[in-house]
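Written below as structure tokens is the structure these notes are about.
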Amino acid sequence: MKPFLALTRRAALPLIAALALAGCGGLGTPNTARTAGTAGAAAGDIHVMTSGGFTAAYNDLRPEFERSSGRTVKTAYGASMGNADDSIPSRLARNEPADVVILARPALDALVAQGKVVSGSQVDLVRSAIGFAVRKGAPRPDIGTVDALRRTLLAAPSIAYSASASGTYYETELLKKLGIEDRVLPRSKRILSERVGTVVARGDAALGLQQVSELLPIAGVDYIGPLPAEVQRVTVFSAGIATGSKQPDAARQLIRYLNSPAAAPTIAKTGLEPLTAR
């Protein structure tokens with residue numbers, strides 16, 4: 001099993017600014033041009049759409065990129081897939097400004113096929129595992145084996161799962177593999193436009209399933225572990241350049257930084273496995 005599949009909350013070394021500058025390919029050249037009053041994206045600004053799996057890492061890395069590049073990064077958040085108003089496909093369909101999109105690789109490839117993302121611009125950033133959480137202080141059920149997971153899901157009064165990649169796997173494949181779809185899916189809640197951990201923290205679900213990196217930042221939950229390796233679904237999250245980008249060179253610069261050795265320690269501490277460019 002990969003080490004990142006057995007994550008617990010833990011501290012990591014902070015990202016050192018000098019290392020970030022050394023590892024991101026010319027990031028230190030400032031570009032602070034601005035064009036005020038335009039209807040579209042301001043010159044020099046970069047617009048990013050990112051899905052939840054990469055959000056914690058991205059939020060930690062963005063300030064260093066802004067400081068080093070002299071650019072402002074404006075961010076919209078949404079699911080990799082689905083028809084929610086704030087999902088990345090829905091945002092792109094409305095022609096919201098976007099230079100970089102970061103989402104599950106299958107969803108990114110679908111956007112390439114639709115002409116929304118530049119073909120060949122895709123860069124794999126991380127591998128992400130699926131895990132479970134309970135409300136903080138609640139008993140921690142056993143999910144360490146496939147049989148234990150099956151028993152835990154059958155006993156749970158309610159289960160929250162996301163409307164994105166992890167939830168799609170849960171409702172269309174995982175429960176079928178476990179042979180408990182008919183008994184468990186009626187007690188499961190598909191969560192739109194909200195973190196699953198937030199729902200669990202409120203007490204609106206006894207158990208929550210989502211990407212590990214999306215569960216760890218939620219203060220009101222206890223992360224109890226990943227899916228067993230036999231039924232785990234690891235998702236690759238990737239970045240690409242939107243076809244309507246007004247800042248394609250800056251978009252490439254940001255993607256290089258997110259994929260650099262300098263970014264890897266920060267990415268790893270959020271529960272993701274960095275796929276650092278060699």
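We did not get these values from a lab; they are worked out from the coordinates using the rules stated. Here the structure is a predicted model, which is why all the values come from computation and not from measurement. Here the Cβ is made from the backbone with ideal geometry for all residues, glycine too, and neighbour counts use every protein chain on show.
If you average 1/r over all unlike Cα pairs in the range 89-173 and invert the result, what Kirkwood radius do you get in angstrom?
Value: 16.0 Å, from the Cα pair sum.
Across the range 77-82, computed HN-Hα scalar couplings (Karplus, 6.51 cos²θ - 1.76 cosθ + 1.60, θ = phi - 60°) run 10, x, 6, 5, 8, x Hz from first to last residue, x flagging Gly and Pro.
Taking 7 Å steps out from each Cα toward its Cβ at residue 109 and residue 76 produces label points 2.5 nm apart.
The translational diffusion coefficient of the range 130-231, from Stokes-Einstein at 4 °C and 1.567 mPa s with a Kirkwood hydrodynamic radius over alpha carbon pairs, comes to 99 µm²/s.
With the convex hull of the Cα atoms taken as the outline of the range 73-112, the averaged projected area works out to 2.7 nm². Among the trypsin sites (Lys or Arg not before Pro) found in the range 59-101, those both in a DSSP coil and sparsely packed, with 16 or fewer other Cβ atoms within 10 Å of their Cβ, are 94.
Given 0.36 nm per residue, what is the gain on full extension from residue 136 to residue 230 after removing their alpha carbon distance, in nm? Stretched fully, the residue 136-residue 230 segment lengthens by 31.1 nm. Simple spin-label estimate for residue 145 and residue 180 gives 1.4 nm between the two label positions (7 Å along the Cα-to-Cβ direction from each Cα). Listed from fewest to most Cβ neighbours within 10 Å, the set 237, 65 follows the order 65, 237.
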